[in-house]
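K.L.:
Here you go, one structure.
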Amino acid sequence: MTHTDLLRDTRTRPGRKVLISGASIAGPALAFWLNRYGFAVTVVEKAGTLRDGGYPIDVRGTALEVVRRMGILPRLRDAHIDLRRLTFLDRDGSEVASLNPHTVTGGVTGRDLEVRRGDLTDALYTAVRDDVEFLFNDSIETLDQSGRGVDVTFRGGSRRTFDMVFGADGLHSRTREFLFGPEDQFHRYLGYCFAVFTMRNTFGLFRETVMWNAPGRAAALYAVGDDEDVHAFLNFAHPEPPFDAFRNPEAQRDLVAAVFTDAGWEVPGMLAAMRDTDDLFFDTVGQIRMPRWSSGRVALVGDAAYAPSFLTGQGTSLALVGAYMLAGSLADRDHAAGFAAYEHNTREFVTVNQDQVGKGDATLFPTTARALEQRNAMLRNLSTLPSAEGRPAHSALTLPAFMPMT
């Protein structure tokens, strides 16, 4: 029997029933590919609807081939933001350097994509919504594995049994906690915290980012187009994760305001806007590093398994590639063999991208005056033309053809 015959046989057999927790990026992407292989897919999402808007995200390297095979690349090309300038300011507000953003990020002009998060999640959802069951405003309450499957109790009170369950529920994954225990044993804190929110674009910015730096602190304004709003970003070094602030938005605002209390440039106005915003997102900068990504009939994908941190710019790309690799590994295998193949064939790609931290990205946020001077000197000497190849890590995996392309 050929590989094509196996896939045809998989599609004609009654589909294995699977549950995916999380409807952001990794979840719908995994749902798309599992559905193509004949699985009966349910996606549960604790939010009441898809989360639109959000800060811009990158799709690079191998992940571009994933979205091409999904058929959504033209739509994402149309949604491409085309950020044109990244300007760095010193602590007194003077300009250090103004560059093509790809020069710093390692992206490739004309090939890599930057889109609003909501545009990508909507494209993924649209590609799969007619073939997959979505349960919004619900979540997994308990997981109980047995030889016949996974018994799931939902927060809403219903109970169902699935052949497999997948955690695509982000950096602070509850599915991971169910399987492996508390997050702190896998979370590699990288020494920073950040706050992101929107505010009125009263600065005349257009398709550009302006970033102010002082030792241990950074503030940026990000204009993705001719929108009335800009994305405000405040990043700061902190010796330990501020656990007391995680579930208290006012404590988050107080912490950020205290750190930036004497900052110049546009920071005072940003702090005032942060006090009034209703879309503040606060978190630590960290990675998830795990010795294995599955247990029994349950597996993790995307940030839940291997969050690389925004310092790499590869979180979205790893989620898309991981979803493709996980689904394809299960196309003609049982869960044990499929999960083993997923890890074996994907881990090196994940690791090389996570290891980009410490190779240039973190230096965008120097923590000492000397390091800031060195970074500014580096920026002044950078070529204004970005590389035509991008960073090797972004394309370090060649996608296998698990199924005939249509």
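The values are calculated or read from the model by the stated rules, or taken from the named source; none is laboratory data. Note that the structure is a prediction, hence the values are computed from the model and not measured. Methodologically, a virtual Cβ is constructed for each residue, glycine included, from the backbone with ideal geometry; neighbour enumeration extends over all protein chains shown. All accessible areas refer to the heavy atoms of the entire protein, side chains included, with ligands and DNA or RNA removed. Shrake-Rupley method; radii C 1.70, N 1.55, O 1.52, S 1.80 Å.
K.L.:
Quick check on the stretch 138-271: take the gyration tensor over C-alpha atoms, sort the square-rooted eigenvalues as a ≥ b ≥ c, and tell me if it's rounded (a/c under 1.5), prolate or oblate.
P.N.:
Values: a/c = 3.09, a/b = 2.09, b/c = 1.48.
It comes out prolate by the Cα gyration axes.
K.L.:
Out of every Cα-Cα pair in the stretch 19-77, what percent are more than 14 Å apart?
P.N.:
Working: 1091 of 1711 pairs.
Summing the P(r) of the stretch 19-77 above 14 Å gives 64 percent of all pairs.
K.L.:
When the dipole is taken about the Cα centre of the chain, and only Lys, Arg (+1) and Asp, Glu (-1) are charged at their Cβ, what size is it in debye, to the nearest 20?
P.N.:
Computed about the Cα centre, the dipole is about 1080 debye.
K.L.:
Work out how much length D130 to T142 would gain on full extension: take 0.36 nm times their residue separation and subtract the Cα-Cα distance, in nm to one decimal.
P.N.:
1.6 nm
K.L.:
Hey, rough spin-label estimate for A401 and T153, points 7 angstrom out along Cα→Cβ, what's it come to in nanometres?
P.N.:
4.8 nm
K.L.:
So, with a 1.4 angstrom probe, what is the percent of accessible area on the stretch 1-148 that is carbon and sulfur?
P.N.:
Values: 2940 of 6570 Å².
About 45 percent, which is the carbon plus sulfur part of the accessible surface.
K.L.:
Using a cut-off of under 18 Å, list every residue of the stretch 149-174 whose amide N is near the label point 7 Å from the Cα of A336 along the Cα-to-beta-carbon line.
P.N.:
Within reach of a label on A336, which here means backbone N under 18 Å from a point 7 Å along Cα→Cβ, the stretch 149-174 contributes 149-150, 163-165.
K.L.:
Let me ask something additional. Modelling each spin label as a point 7 Å along the Cα-to-Cβ direction, I'd like the R160/F206 distance in nm, to one decimal.
P.N.:
Using points 7 Å along Cα→Cβ, the separation is 4.9 nm.
K.L.:
What number, in nm² with one decimal, is the all-direction average of the projected area of the convex hull of the alpha-carbon atoms of the stretch 56-187?
P.N.:
For the stretch 56-187, averaging the hull's shadow over all directions gives 12.5 nm².
K.L.:
Taking the C-alpha atoms of the stretch 13-132, how large are the radius of gyration and the largest Cα-Cα span, Dmax, in Å?
P.N.:
Cα only, the stretch 13-132: 17.9, 67 Å (Rg, Dmax).
K.L.:
May I pose another question? For the chain, what is the mean residue ellipticity at 222 nm derived from helices alone (per DSSP H run of n ≥ 4: -39500 (n - 2.57); sum divided by total residues; nearest 500 deg cm²/dmol)?
P.N.:
-10000 deg cm²/dmol
K.L.:
Which percent of Cα-Cα pairs in the stretch 62-119 sits in each 5 Å bin, short to long?
P.N.:
Percent of pairs per bin, in order: 4, 16, 22, 19, 14, 10, 7, 4, 3, 0.
K.L.:
Ordered by packing density, taken as the mean number of other Cβ atoms within 10 Å over each peptide's residues, highest first, how do 321-334, 42-55, 205-218 rank?
P.N.:
Listed from highest to lowest mean packing, they are 321-334, 205-218, 42-55.
K.L.:
Work out the charge dipole of the stretch 183-241 with +1 on the Cβ of Lys and Arg and -1 on the Cβ of Asp and Glu about the Cα centre, then indicate which of T198, V224, P239 is farthest towards its positive end.
P.N.:
Farthest along the dipole direction, towards plus: P239.
K.L.:
At 1.4 Å probe size, with every protein chain present, just tell me what the per residue accessible area of the chain comes to in Å². Intermediate results must be reported in sequence, preceding the final value.
P.N.:
Details: 17550 Å² over 406 residues.
Here the per-residue accessible area is 43 Å².
K.L.:
Where the Cα atoms of the chain are projected onto their three principal axes, how long is each span, largest first, in whole Å?
P.N.:
Here the Cα extents, ordered largest to smallest, are 67, 45, 37 Å.
K.L.:
Let me ask you something else. Could you work out the relative contact order of the chain? I mean the mean sequence separation of Cα pairs under 8 Å and 6+ apart, divided by the number of residues, in percent.
P.N.:
Reported as a whole number, the value is 23 percent.
K.L.:
How far is helix 26-36 tilted, in degrees, relative to the longest principal axis of the Cα atoms in the chain, given as a value from 0 to 90 rounded to the nearest 10?
P.N.:
Roughly 30 degrees between the two axes.
K.L.:
Beta carbons within 10 angstrom, averaged per residue: use that to sort the peptides 117-127, 156-166, highest first.
P.N.:
Packing order, densest peptide first, comes out as 117-127, 156-166.
K.L.:
Would you mind pulling out the separation of the Cα centroids of the stretch 54-84 and the stretch 22-40, in Å?
P.N.:
Answer, in whole Å: 18.
K.L.:
With axes computed from alpha carbons, what is the tilt in degrees of helix 315-330 against the longest principal axis of the chain, rounded to the nearest 10 within 0 to 90?
P.N.:
Roughly 10 degrees between the two axes.
K.L.:
I'd like the carbon and sulfur percentage of the solvent accessible area for the stretch 224-327, probe radius 1.4 Å, heavy atoms only, ligands and nucleic acids excluded.
P.N.:
After summing per-atom areas, the C and S share lands at 48 percent.
K.L.:
Right, here's the next one. Arrange the peptides 347-357, 26-36 so that the one whose residues have, on average, the most other Cβ atoms within 10 Å appears first. Could the numbers behind the result be given before it?
P.N.:
Details: 347-357: 18.5, 26-36: 27.5.
Result, highest mean first: 26-36, 347-357.
K.L.:
While we're on this one: Quick check: the angle from helix 267-276's long axis to the longest principal axis of the chain, C-alpha only, nearest 10 degrees?
P.N.:
50 degrees
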